[in-house]
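Engineer: The structure is given below, and queries will be raised subsequently.
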Amino acid sequence: MPADRRLDDDEMATWLPTIRFVQLLPQVLDRTLKAEAGLNHAHYAILITLAGEADRAIPMTELAQIAGLSRSRLSHALDSLEERGWVVRTSCSSDKRTLTAALTDAGRELLRAAAPVHVAQIRELVLDPLSPEERTQLGAILTKLLPGVTAAL
């Protein structure tokens with residue numbers, strides 16, 4: 001496909017609201033989480049990822065991929081989360097060169113307090129305006145698009 005090909009009117013009608021939405025949603029979620037729980041959205045995403053792994057410590061490389069962060073950004077975020085006592089980093093038992101991260105009890109408590117605020121806002125901004133059929137369509141569309149985006153990281 002030629003690099004100079006422009007989007008046609010129909011493509012622009014899809015792209016412009018998409019880009020606006022994906023740029024604004026994290027900002028809105030971030031602002032609310034900071035105000036209500038003292039936690040930014042990027043840190044919430046890391047904590048919720050760790051919480052989803054139950055008691056398993058996640059290697060840094062895997063956590064960076066899941067959270068969609070560079071290793072450097074993840075390291076800085078984990079520094080902050082560890083200082084607050086919400087995450088602990090340790091060496092992997094099978095390979096001492098590999099660092100892993102796990103959620104602490106304090107991190108789990110923070111998520112319990114922050115989750116209702118976050119879930120309510122997700123419902124308000126994303127889920128409730130859509131019919132059940134539209135939610136299914138949105139999930140299918142994003143599931144179809146996500147591999148291309150994650151492969152480009």
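The values are calculated or read from the model by the stated rules, or taken from the named source; none is laboratory data. Quick caveat, the model's predicted, so the values are computed rather than measured. Cβ placement follows ideal geometry from the backbone for every residue including glycine, while neighbour counts extend to all protein chains displayed.
Engineer: Looking only at segment 103-153, which residues are of a type in the set (G, A, S) and in contact with a strand residue (DSSP E or B) (Cβ under 8 Å, 6 or more places away or on another chain)?
Structural biologist: Listed by number, the list holds a single entry, G107.
Engineer: Among residues belonging to segment 63-78 that are surrounded by fewer than 19 Cβ atoms within 10 Å (Cβ to Cβ) and not in a helix (DSSP H, G or I), point out the one that is modelled with the lowest pLDDT. Spell out the reasoning first.
Structural biologist: Keep residues of segment 63-78 that are surrounded by fewer than 19 Cβ atoms within 10 Å (Cβ to Cβ), which gives 65-66, 68, 70-73, 75-76.
Next cut, not in a helix (DSSP H, G or I) only: 68, 70.
Working: G68: 75, S70: 81.
Checked segment 63-78; the qualifying residue modelled with the lowest pLDDT is G68.
Engineer: Of everything in segment 84-107 that's more than 13 Å from L39 (Cα to Cα) and among the charged types (D, E, K, R), which residue is modelled with the highest pLDDT?
Structural biologist: Top of the filtered list is D105.
Engineer: Here's another thing I want to ask about it. What's the total number of residues in segment 14-30 that are of a type in the set (A, V, I, L, M) and either free of Cβ contacts under 8 Å to residues at least 40 places away in the same chain or in contact with a Leu (Cβ under 6 Å, 6 or more places away or on another chain) (or both)?
Structural biologist: 4
Engineer: OK, next. Those residues that are among the charged types (D, E, K, R) and under 18 Å from G107 (Cα atoms), I need them from segment 54-80; list them, please.
Structural biologist: D55, R56, D79
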